[in-house]
1. Would you kindly give the portion of the calculated P(r) for the chain that falls above 19 Å, as a percent of all Cα pairs?
2. Mind ordering 41-53, 73-85 by average Cβ neighbours within 10 Å, highest first?
3. So what's region 8-61 giving for Cα Rg divided by 2.2 N^0.38 Å, two decimals?
4. Treating the beta-carbon of each Lys and Arg as +1 and of each Asp and Glu as -1, no other charges, what is the dipole magnitude of the chain about its Cα centre, to the nearest 20 debye?
5. If you stretched the chain out fully between E69 and D13, how much longer would it get, using 0.36 nm times the residue separation minus the C-alpha to C-alpha distance?
6. Per residue, how large is the accessible surface of the chain? Use a 1.4 angstrom probe and give square angstrom.
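The values are calculated or read from the model by the stated rules, or taken from the named source; none is laboratory data. Since the model is a prediction, treat every value here as computed from it, not as a measurement. Reconstructed Cβ throughout: ideal geometry from the backbone, glycine too, with neighbour counts over all protein chains shown. What goes into the accessible areas is simple: the full protein's heavy atoms, side chains included, and nothing from ligands, DNA or RNA. Shrake-Rupley method; radii C 1.70, N 1.55, O 1.52, S 1.80 Å.
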Amino acid sequence: MSSPEAVVRELYDAFASKDDATLRRVIHPEVLWIQCDGFPGGGVRRGADEVFSEVFGALRGTWEDWAAEVEEYLPSGDTVVVLGRYTGRH
């Protein structure tokens with residue numbers, strides 16, 4: 001079993017490479033995905049299919065060069081805080 005930090009790193013690596021197969025493997029089929037209010041497309045999504053269509057699909061379809069740039073991973077037990085920024089052109 002991978003550590004929480006290893007899973008989160010794999011998730012962000014898969015975002016960067018648009019590796020949908022890895023994203024599907026890492027994201028639980030019944031995930032509760034909460035995007036901050038104010039972030040384009042912000043809201044609550046339930047299930048991997050909804051995340052893929054309404055989050056990833058929207059980001060890829062409406063933004064050029066969208067990326068999550070990680071500066072630091074801060075693991076603490078089962079929790080991992082990721083510091084960084086999103087970049088892209090809309």
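1. 43 percent
2. Output ranking for 41-53, 73-85: 41-53, 73-85.
3. In units of the globular-protein estimate, region 8-61 measures up at 1.07.
4. Details: 9 positive and 16 negative charges, 35 e Å.
The calculation lands at about 160 debye.
5. Working: separation 56, 0.36 × 56 = 20.16 nm, distance 1.01 nm.
Between E69 and D13, full extension yields an extra 19.1 nm.
6. 69 Å²
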